[in-house]
1. Read phi for every residue in the stretch B:154-170 and hand back ³J(HN,Hα) as whole Hz from Karplus 6.51 cos²θ - 1.76 cosθ + 1.60, θ = phi - 60°, with x for Gly and Pro.
2. If you average the C-alpha positions of the stretch B:169-197 and of the stretch B:17-88 separately, how far apart do those two centres end up, in angstrom?
3. With each label point set 7 Å from Cα along the Cα-Cβ vector, what nm distance links B:Asp232 and B:Thr98?
4. Among the lysines, select those whose C-alpha is under 25 Å from the C-alpha of B:Lys228, and discard any that sit fewer than 8 residues away in the same chain.
5. Once every DSSP H run of n ≥ 4 in chain B is given -39500 (n - 2.57) and the sum is divided by its residues, what mean residue ellipticity at 222 nm do you get, rounded to the nearest 500 deg cm²/dmol?
6. What translational diffusion coefficient, in µm²/s and rounded to a whole number, does the Stokes-Einstein relation yield for the stretch B:62-141 at 10 °C and a viscosity of 1.306 mPa s, taking the hydrodynamic radius as the Kirkwood radius over Cα pairs?
7. Between B:Met70, B:Phe215, B:Leu37, whose Cα lies farthest towards the positive end of the dipole of the protein assembly as shown when Lys and Arg beta carbons carry +1 and Asp and Glu beta carbons carry -1, centred on the Cα centre?
8. Counting residues in chain B as N, plug N into 2.2 N^0.38 Å and put the Cα Rg over that result.
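Please treat every number below as a calculation from the coordinates, not as lab data. Model, not experiment: these values are computed from the prediction. Cβ coordinates were reconstructed from backbone atoms using ideal geometry, including for glycine residues, and neighbour counts include every protein chain displayed.
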Amino acid sequence: GSGQRSIAAFFGSK
Amino acid sequence: MFEARLQQGALLKKVVEAIKDLIEDANFDCNNSGFSLQAMDSSHVSLVALSLRADGFEHYRCDRNVSMGMKLANLSKILKCAGNDDAITMKSEDNGDTITFMFESQNQERLSEFDLKLMDIDSEHLGIPEAEYDATVKLPSSEFQRIVKDLASIGDTVEISVTKDAVKFGTNGDIGSANVMCRQNKSVDKPEESTEIDITEPVALTFALRYLNSFAKATPLSSHVVLKLSKDLPIVVEYHIENVGRLSFFLAPKVEE
């Protein structure tokens, strides 16, 4: 199966 | 106060139509350099970033930085009342609780004003790094729209792979599989049909087609779409709005579990 990561996991909070 | 006039009001209509099904509400941030928005979809898998430069407007004034929270569905209702050839002026007082949209017909015989109530929206701002991408593909936006629509009738995800000569889109589903390949073609006589590939490293990543189909709603904004890919990083799907700015979408890749 394939999973989906949150976009926030790539771009940190400012 | 904030005041901005866009002669081509249709641009604003198209921007809102492109994002209103993806994001529910958002803060529109205005400062001296322009009008921008950053928001995640409700499942936090994708990110929308809109940037309209101050010099892209015929008139632009922003005395102090303002952040105006709006529900996209409500903004869409109001902008649907603007004619396609209307100029749109947005106005808001400092600390005001509404934004006014003024629509002017081309011959200036019809003038209408709509006020939208602003909302307090708690939004998380992400830092998007300036990155060099392994592959950049510029292809006709209508072609991209067609590919993601066609593939979504077969499968749920698409593998996008880029080599120096071509970009390939492939999917698998219960009924079978599909592949579409677009070759590099720097067509000079018909620049609107060109496909350009710029790579430092071949790359292949998998994404949910549902989101790419949603991004493709921005197709009316631009003749081309730019896809930027790097190994294990979100894809960037970018629509350039000529002389005004750009609308970018970011989508996290699917990972094998």
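1. 10, x, 9, 10, 10, 9, 9, 10, 10, 10, 5, 9, 7, 10, 10, 10, x
2. Here the answer is 31 Å between Cα centres.
3. Label at B:Asp232, label at B:Thr98, 5.3 nm between them.
4. A:Lys14, B:Lys14, B:Lys20, B:Lys138, B:Lys149, B:Lys164, B:Lys168, B:Lys186, B:Lys190, B:Lys217, B:Lys254
5. Working: 4 runs with 37 residues, N = 257.
Calculated mean residue ellipticity at 222 nm is -4000 deg cm²/dmol.
6. Numbers: Rh = 15.8 Å.
D, rounded to a whole number, is 100 µm²/s.
7. Positive-end residue among those listed: B:Phe215.
8. Details: Rg = 19.4 Å, N = 257, 2.2 N^0.38 = 18.1 Å.
That works out to 1.07 for chain B.
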